[in-house]
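Student: Okay, handing you the structure first.
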Amino acid sequence: MDLKNEKMATVPVGKLMLSMGIPMIISMVLQAVYNIVDSAFVSNMEQGGEDALNALTLAFPLQILMVAVGIGTGVGANVLIAKSLGQQNRELTDKTAGNAIFLGFVIYIFFLFFGFFGAGAYIDSQTDNSVISAMGTEYLSICCVFSFGMSMFAVFEKMLQAAGHSLCSTIAQILGAVTNIILDPILIYGWLGCPEMGVKGAAYATVIGQIVSFAAALIFHLMFNKAIQIKPRHFKPSLKIIGMIYSVGLPAIISQALISVMTYGMNLILMGVSENMVTAYGLYYKIQQFLLFAAFGMRDAITPITAFSYGMGSGKRINDCVKFGHLFTFVIMLVGCVVLEIFAVPFSEIFGLSGETQALCVSAIHIISISLVFAGVNIAFQGVFQAVGSGIGSLVISVFRQLLFVFPFAVIFAQIAKADFQMNWLLWGVFPIAEILTAASAVIIWRIISVKKNLKFAAYTNS
């Protein structure tokens, strides 16, 4: 394959990033639909809506972990496939794809067993309310037992994106999201002659939507992804290739999983202040997911384009990836921040909130949203770090923004809020502080990486 005829090598980076990034942004935003749509519908159940909403909030960190493992594995495969395509190494490309599918199956088996044997204990660790516990366990068990749609879609989505077919992955994601939205009221409320299933219906709507996305992605891969030709021998596990996948993928998994850890930890800290704060934080996080996932979508465009450029040895294109990646991510997050600040009250009303809980949610929106612009900087840097093989750099950013600069401040501010509940807003201020400190750290880390890998001076023969 002649690199000069390959769009990943010749199309201007800014144009290429938009053409690939917009479908990826839509795809990632639609992933957020699964969680927020379920919450919106169950919160409006005639009976037990608030308990159901709390149940889904408690299940949310584990769902994020499931997505983290699937997407992280896909990211590792994405980078290796994109890099090997840039190097015109067809055999490595096909072996990577086959091993990624194998890993997707292994991931499903793990969560299948967790759904049967661990879901109840996980939910019980966060609440003593038997009603909420029963709802949360029922919802999470179904999501885990039928999670093969999620884990396999994550792999095929990244394979399509790595070869430049991001539109196909977006269409697959749209089909699943629309399926979920349609089935939610039918199964939750018992419309069209279906039995009223409540929280269980929300879970089934979610997994059916995920299965639809996987089926569509598989069909698109077989029809259009000619750059990857998987044969039976490519499914044989290769420790070398799996190691290469997870050299980037494991830090990506940990980075995503830290969202789960942070949410779980904040639930425990906030519960010590007010149960309403847990509900408010859970709902805000689901609202802001649309923006975070939009940034993740742009990051997923930054990663394969930068990895391809790194593989072909073009320092100029790598530098352009950094420039345009940050520019586009900044614009996304700035616009999102403004929208959240303006429409804070209407967003909180989607879930039927009122009184103190609504006031806390609105306060969270106004304060935490400030952090989004800085979060965009950090997320863009993570995509670049992954692409040039510095998964550790990406991991460090996640540790900083979701653990190191979050929990110490949260614990201190929680004590202040316990003494004077009027100071509860301080807890929302944890997130802008964490993102600002992390952004400053990310700039320093990039300078270290760029010098170490000789990227700063674009010292490449093909640039």
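The values are calculated or read from the model by the stated rules, or taken from the named source; none is laboratory data. Worth saying up front: this structure is predicted, and the values here are computed from it rather than measured. So basically every Cβ, Gly included, is an ideal-geometry build from the backbone, and we count neighbours across all protein chains shown. Quick note on the areas: whole protein, heavy atoms, side chains included, nothing else; ligands and nucleic acids left out. Shrake-Rupley method; radii C 1.70, N 1.55, O 1.52, S 1.80 Å.
Student: Can you tell me which of I230, I269 is open to solvent by 10 Å² or more (accessible area, probe 1.4 Å), out of contact with any strand residue (DSSP E or B) (no Cβ under 8 Å at 6 or more places or on another chain) and closer than 22 Å to V406 by Cβ? So that I can check it myself, show each step before the final result.
Tutor: Details: I230 fails: closer than 22 Å to V406 by Cβ.
Testing whether each residue is open to solvent by 10 Å² or more (accessible area, probe 1.4 Å), out of contact with any strand residue (DSSP E or B) (no Cβ under 8 Å at 6 or more places or on another chain) and closer than 22 Å to V406 by Cβ leaves just I269.
Student: Ok, one more. Starting from residues that are open to solvent by 60 Å² or more (accessible area, probe 1.4 Å) and touching a helix residue (DSSP H, G or I) at 6+ places or on another chain (Cβ under 9 Å), keep the ones in the stretch 441-453 and report whichever is modelled with the highest pLDDT.
Tutor: The selected residue is V443.
Student: Also: Any chance the stretch 197-220 includes a residue that's modelled with pLDDT under 90 and within 17 Å of G70 (Cα to Cα)?
Tutor: Among the residues of the stretch 197-220, not one is modelled with pLDDT under 90 and within 17 Å of G70 (Cα to Cα), which makes the answer no.
Student: Which helices (runs of 4 or more DSSP H) does the stretch 118-177 wholly contain that include 2 or more residues that are of a type in the set (V, I, T) and at pLDDT below 90?
Tutor: 130-145
Student: Are there helices (runs of 4 or more DSSP H) fully within the stretch 1-111 with at least 1 residues that are in contact (Cβ under 8 Å) with a residue 24 or more places away in the chain and touching an Asp or Glu at 6+ places or on another chain (Cβ under 7 Å)? List them. Break it down into steps so the answer makes sense when it comes.
Tutor: On the way: elements: 7-10, 13-43, 49-86.
Where helices (runs of 4 or more DSSP H) fall fully within the stretch 1-111 and carry at least 1 residues being in contact (Cβ under 8 Å) with a residue 24 or more places away in the chain and touching an Asp or Glu at 6+ places or on another chain (Cβ under 7 Å), they are 13-43, 49-86.
Student: Which of (1) in contact with a Ser or Thr (Cβ under 8 Å, 6 or more places away or on another chain); (2) open to solvent by 10 Å² or more (accessible area, probe 1.4 Å) is the odd one out, the single condition A280 does not satisfy?
Tutor: (2)
Student: What single numbered condition from (1) more than 19 Å from V261 (Cβ to Cβ); (2) open to solvent by less than 70 Å² (accessible area, probe 1.4 Å) fails to hold for I397?
Tutor: With respect to (1) more than 19 Å from V261 (Cβ to Cβ); (2) open to solvent by less than 70 Å² (accessible area, probe 1.4 Å), I397 is out only on (1).
Student: All but one of (1) within 26 Å of the chain's Cα centre (by Cα); (2) open to solvent by 20 Å² or more (accessible area, probe 1.4 Å) hold for Q415; state the number of the condition that does not hold.
Tutor: Tallying (1) within 26 Å of the chain's Cα centre (by Cα); (2) open to solvent by 20 Å² or more (accessible area, probe 1.4 Å), Q415 fails exactly one: (1).
Student: Do any residues in the stretch 277-302 that are under 12 Å from G325 (Cβ atoms) and modelled with pLDDT of 80 or more have Cβ atoms under 6 Å from those of residues that are part of a helix (DSSP H, G or I) and not hydrophobic (A, V, I, L, M, F, W, C), where the two are at least six apart or on different chains, and which pairs are they?
Tutor: Partner pairs satisfying both residue conditions: A295/T329; A295/G376; M298/G21; M298/T329; R299/G383; A301/G21; I302/G325; I302/G383.
Student: Answer yes or no as to whether M223 is modelled with pLDDT of 85 or more, farther than 30 Å from Q87 by Cα and either open to solvent by 30 Å² or more (accessible area, probe 1.4 Å) or part of a loop (DSSP other than H, G, I, E, B) (or both). Spell out the reasoning first.
Tutor: Values: modelled with pLDDT of 85 or more: yes; farther than 30 Å from Q87 by Cα: no; either open to solvent by 30 Å² or more (accessible area, probe 1.4 Å) or part of a loop (DSSP other than H, G, I, E, B) (or both): yes.
So M223 fails the test.
Student: Which ones in the stretch 98-135 are of a type in the set (S, T, N, Q) and farther than 21 Å from I81 by Cβ?
Tutor: Within the stretch 98-135, S125, Q126, T127, N129, S130, S133 qualify.
Student: Restricting attention to the stretch 188-200, does a residue exist that is on the phi < 0 side of the Ramachandran plot, under 20 Å from the mean Cα position of the chain (by Cα) and open to solvent by 20 Å² or more (accessible area, probe 1.4 Å)?
Tutor: no
Student: Can you name the condition, by its number, that Q256 falls short on among (1) modelled with pLDDT of 80 or more; (2) open to solvent by 10 Å² or more (accessible area, probe 1.4 Å); (3) under 30 Å from K453 (Cβ atoms)?
Tutor: Unmet condition: (1).
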